[in-house]
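First comes the structure, then the notes that go with it.
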Amino acid sequence: MPSHFAQLNLGLTAADLDQAWKDRLDDAEALVAAGRHGAAIAARLYAIEIYLKYRICQRLNLVNPLKRLEIHDLDALVVFAGFSQVLAAMPAGSNLKQNWDQIVTFSDDLNDLRYRPAARWSQQQSKDLSRWLDDPLDGVMTWLKNQK
Amino acid sequence: MAKESEIVGRSVFLVVGALTKFAKSQGWDDLDYWIYYKTNPEWDKVHFIFVAKGFNDKDPYESTKSVWSYLEKELSGEQDVLRSLGLVVRSKKKVEEGGLYAIGPGYEEFWTIYPAQTS
């Protein structure tokens, strides 16, 4: 029997995760089009978290994700995905590092997105998060997708 | 190698000192800037949000670069501290806008000034 740390979530596969992060980004686009900016922001945060979990499966050659990594801590997920050293070695003030820090800082607020009224988040803020993630040069998702 | 908690504790101490020095170098009054932080000792990370009226209407990327540049000079002998550091620089205006730019509940304010004692 595997140790507590090595237990897998057999109800979920890496392929599910690979589809889910793309679906969350599609959800975000649909929500933006409907003017639901807070929900779009939440969907984008889910997407990066799920994408990192998918990359962990790839890195560890796992068909199912580890139960132990059913967490929301991006500092931890980026370590297990194998990207923390590359990230730490980047020039400190680089736009990519800044975008990463913005996302990590905001990811702490996921509960606000669940429980607070939608008027708290604006269209511009939704665009800002989208830029931090998907900017073709310095977006965090853009960068992650290019990492081997 | 230092223990995780030592690195995190030292980071808070040194980074707050350096950010305060940066603020002084800009000629800012103590009431015109704010330092918030959150520690993640399990992963040797400390996240700071440095807020100032002096960043109002300035390009956020350029403002952050100028703060990083200052920190890299001030803490050049403290590479482990710099590696542990997550830094977000915000204008006071942005923080007041709230939403994406609100200070999250996990962050503590580091008081650079203290209320006067009443007794």
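Computed from the coordinates by the stated procedures, all read-outs in this text should not be read as laboratory data. Keep in mind it's a predicted model, so treat the numbers as computed, not measured. In this analysis, Cβ positions are derived from the backbone assuming ideal geometry, glycine residues included, and neighbour counts consider all displayed protein chains.
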Item checked: Listed residue (A:115, B:88, A:143) projecting farthest to the positive dipole end of the protein assembly as shown, Cβ model -> A:143
Note to self: Just to confirm the number: angle between the C-alpha axis of helix B:60-74 and the first principal axis of chain B, 0 to 90 degrees, nearest 10?
What the structure shows: 50
Note to self: Taking 10 °C and 1.306 mPa s as the conditions, I'd like the Stokes-Einstein D for chain A in µm²/s, using the Kirkwood hydrodynamic radius from alpha carbon pairs.
What the structure shows: 100
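Helix-only estimate, please: 222 nm mean residue ellipticity of the protein assembly as shown, summing -39500 (n - 2.57) across DSSP H runs of length 4 or more and dividing by its residues, to the nearest 500. It would help to have the intermediate numbers written out before the result.
Working: 12 runs with 143 residues, N = 267.
Calculated at 222 nm, the ellipticity per residue is -16500 deg cm²/dmol.
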Next item on the list: Return the FRET efficiency for the residue pair residue B:32, residue B:76: r is the Cβ-Cβ distance, R0 is 35 Å, and the value is rounded to the nearest 0.05.
Entry: 0.85
Next item on the list: Count neighbours as other Cβ atoms within 10 Å of each site's Cβ, and list the trypsin sites (Lys or Arg not before Pro) in region B:1-55 that are DSSP loop with at most 13 such neighbours.
Entry: B:3
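Which FRET efficiency value, to the nearest 0.05, do you get for residue B:96 and residue A:34 by plugging their Cβ-Cβ distance into 1/(1 + (r/R0)^6) with R0 = 22 Å?
Numbers: r = 27 Å, r/R0 = 1.24.
With R0 = 22 Å, the Cβ-Cβ based efficiency is 0.20.
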Item checked: Ranked list, fewest to most other Cβ atoms within 10 Å of each Cβ, for B:6, B:97 -> B:6, B:97
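Can you give the local net charge around residue A:147? Use residues other than it whose beta-carbon is closer than 12 angstrom to its beta-carbon, Lys and Arg +1, Asp and Glu -1.
On the way: positive: A:55, A:59, A:145, A:148; negative: none.
Local net charge: +4.
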Margin query: Taking the Cα centre as origin and putting +1 on Lys and Arg beta-carbons and -1 on Asp and Glu beta-carbons, what dipole magnitude results for chain B, to the nearest 20 debye?
Written below: 160
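Can you sort A:90, A:141 from fewest to most other Cβ atoms within 10 Å of each residue's own Cβ?
Numbers: A:90 13, A:141 20.
The fewest-first ordering by Cβ neighbours comes to A:90, A:141.
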Next item on the list: Evaluate peptide B:40-46: per residue, the Cβ atoms of other protein chains within 10 Å of its Cβ; return the mean as an integer.
Entry: 4
Check: Projected onto the charge dipole of region A:10-146 (+1 at Lys/Arg Cβ, -1 at Asp/Glu Cβ, origin at the Cα centre), which of A:37, A:129, A:86 gives the Cα projection farthest towards the positive end?
Finding: A:86
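Determine the sum of side-chain charges near residue B:55: Lys and Arg each +1, Asp and Glu each -1, restricted to other residues whose C-beta is under 11 angstrom from that of residue B:55. List each step's numbers first, then the result.
Values: positive: B:53, B:58, B:90, B:92, B:93, B:94; negative: B:32, B:57, B:59, B:62.
That works out to +2.
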Next item on the list: Tell me the label-point distance for the pair residue A:89, residue B:6, using the 7 Å Cα-to-Cβ offset, in nm and rounded to one decimal.
Entry: 2.6
Checklist line | With Cα atoms, 0 to 90° folded angle of helix A:123-134 axis to chain A main axis | finding: 40
Next item on the list: Can you check what the Kirkwood hydrodynamic radius comes to for region A:77-148, Cα pairs only, in Å to one decimal?
Entry: 13.3
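Using only the alpha carbons of region B:4-110, what is the convex hull's orientation-averaged projected area in square nanometres? Intermediate results must be reported in sequence, preceding the final value.
Values: hull surface 25.8 nm².
Over all viewing directions, region B:4-110 projects a mean Cα-hull area of 6.5 nm².
Determine the gain in length on full extension of the stretch residue A:58-residue A:137; use 0.36 nm per residue of separation and subtract their C-alpha separation, reporting nm with one decimal. Each step should come with its number before you reach the end.
On the way: separation 79, 0.36 × 79 = 28.44 nm, distance 2.42 nm.
Fully extending the segment from residue A:58 to residue A:137 adds 26.0 nm.
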Note to self: Please rank A:54, B:61, fewest neighbouring Cβ atoms within 10 Å first, as an exposure proxy.
What the structure shows: B:61, A:54
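I need the per residue convex hull volume for the protein assembly as shown, using only the alpha carbons, in cubic angstrom as a whole number. All intermediate terms of the calculation are to be shown ahead of the outcome.
Details: hull volume 45.5 nm³, N = 267.
Residue-normalised Cα hull volume stands at 170 Å³.
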Item checked: Net charge dipole size for the protein assembly as shown [Lys, Arg +1 and Asp, Glu -1 on Cβ; Debye, nearest 20] -> 240
Notebook entry, point to check: Which net charge results when you count Lys and Arg as +1 and Asp and Glu as -1 among the other residues whose beta-carbon is under 13 Å from that of residue A:29?
Noted result: +1
